[in-house]
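The values are calculated or read from the model by the stated rules, or taken from the named source; none is laboratory data. Everything numeric here is computed off the predicted structure, so don't read it as measured data. With ideal geometry, Cβ positions are generated from the backbone for all residues, glycine too; neighbour counts draw on all protein chains shown.
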């Protein structure tokens, strides 16, 4: 029973000072952030792909994947803006299992959160240095965002966190796009309420401070499918879902109406190969309706070097140890094909 206080973690500024982002890389991120902001504000017609492993479990493999992604990004740069998905915090429904590099820099060893914070900061910086692509991560623990706020260009708040007050409040003070996923119930009103909260100025308690925020106009919806009371998956990427969301957005008065469609999770029933079909269907929906085209800013896709998934300890390089992912060959073909549909 009770807590055991194992180790006091340093303040974010101390970790940033020890593992700094160089001025050169900060300039790269500033340029990328402006490109991404222009998409959400409707000043750019480029399409976003937030793409990468379900979990960033190994820096060598994730960096290898990101370098490949950067080469492909050059081929489609006139139409698609790629954001590497580098997810280092993994929500676990039961609290058991691998919780990401933050908890376990080495998936085969015991948790070490200080080593994890350092490892993920270094990995994000290495990706920017090697690829000039700036990454996305999930905000699973809002109090940790300040350790990474200078190296990320996109943040997602998951289906199990989107109803949480602190997640919504912290999102209101973040200066990059924050994607609010629909809850596992699928209720659009919960997701839209979270966007209202994130776009509004707030005052709240954060890291032992009373803080105020200006509101984040780049907060937006992410559709990831839902689960009914029987545990069955309910997709919400179809044309009718996108039209419905467009209409609900119009009723709210929110600025920069936008949605990213997550092609995996409950939309695919975790059948990772379905992501290709789902992505193409969303593109056809965009091309069928001007309103849907304006609303759908991009896709979120789970992809790695090797297709499928493995258990922790199997040791297959570049293969997911959490949810199964598209392999690299299929990924590259998908990206090139999507560029023709933008």
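Annotations for the structure displayed:
Results for (1) buried (at least 17 other Cβ atoms within 10 Å of the Cβ); (2) at pLDDT 95 or above; (3) on the phi > 0 side of the Ramachandran plot, shown as yes or no for each residue.
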| residue | (1), (2), (3) |
| --- | --- |
| 49 | yes, yes, no |
| 55 | yes, yes, no |
| 60 | no, yes, no |
| 66 | yes, yes, no |
| 79 | no, yes, no |
| 84 | yes, yes, no |
| 90 | yes, no, no |
| 94 | no, no, no |
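Residue by residue, here is whether (1) touching a helix residue (DSSP H, G or I) at 6+ places or on another chain (Cβ under 9 Å); (2) part of a helix (DSSP H, G or I); (3) modelled with pLDDT of 95 or more holds:
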{"site": "257", "(1), (2), (3)": "yes, no, yes"}
{"site": "260", "(1), (2), (3)": "no, no, yes"}
{"site": "271", "(1), (2), (3)": "no, no, yes"}
{"site": "277", "(1), (2), (3)": "no, yes, yes"}
{"site": "285", "(1), (2), (3)": "yes, yes, yes"}
{"site": "293", "(1), (2), (3)": "yes, yes, yes"}
{"site": "297", "(1), (2), (3)": "yes, no, yes"}
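- Listed by first and then second residue, the pairs linking a residue in region 24-35 that is surrounded by fewer than 16 Cβ atoms within 10 Å (Cβ to Cβ) to a residue that is assigned to a helix (DSSP H, G or I), with Cβ atoms under 9 Å apart and 6 or more places separating them unless they lie on different chains, are 24/129.
- Residue pairs whose Cβ atoms lie under 8 Å apart, sitting 6 or more positions apart in sequence or on different chains, and linking a residue in region 304-316 that is on the phi > 0 side of the Ramachandran plot and assigned to a loop (DSSP other than H, G, I, E, B) to a partner that is surrounded by fewer than 14 Cβ atoms within 10 Å (Cβ to Cβ) and at pLDDT below 95, are 313/108.
- Residue check for residue 205: within 27 Å of residue 6 (Cβ to Cβ) and touching a helix residue (DSSP H, G or I) at 6+ places or on another chain (Cβ under 7 Å): no
- Taking the criterion of being under 13 Å from the mean Cα position of the chain (by Cα) and part of a loop (DSSP other than H, G, I, E, B), the residues of region 30-60 that qualify are 53, 54, 55, 56.
- Test: residue 155 is farther than 24 Å from residue 312 by Cα, outside any loop (DSSP other than H, G, I, E, B), touching a residue at least 24 places away in the same chain (Cβ under 8 Å) and under 14 Å from the mean Cα position of the chain (by Cα): yes
- Lone unmet requirement of (1) surrounded by fewer than 24 Cβ atoms within 10 Å (Cβ to Cβ); (2) within 26 Å of residue 9 (Cα to Cα); (3) without any contact (Cβ under 8 Å) to a residue 24 or more places away in the chain for residue 71: (2)
- Residue 21 vs. criteria in contact with a strand residue (DSSP E or B) (Cβ under 6 Å, 6 or more places away or on another chain) and not in a helix (DSSP H, G or I): no
- Note on region 174-219: enclosed strands (runs of 3 or more DSSP E) holding 3 or more residues that are in contact with a strand residue (DSSP E or B) (Cβ under 6 Å, 6 or more places away or on another chain) and crowded, with 19+ Cβ neighbours inside 10 Å are 178-181.
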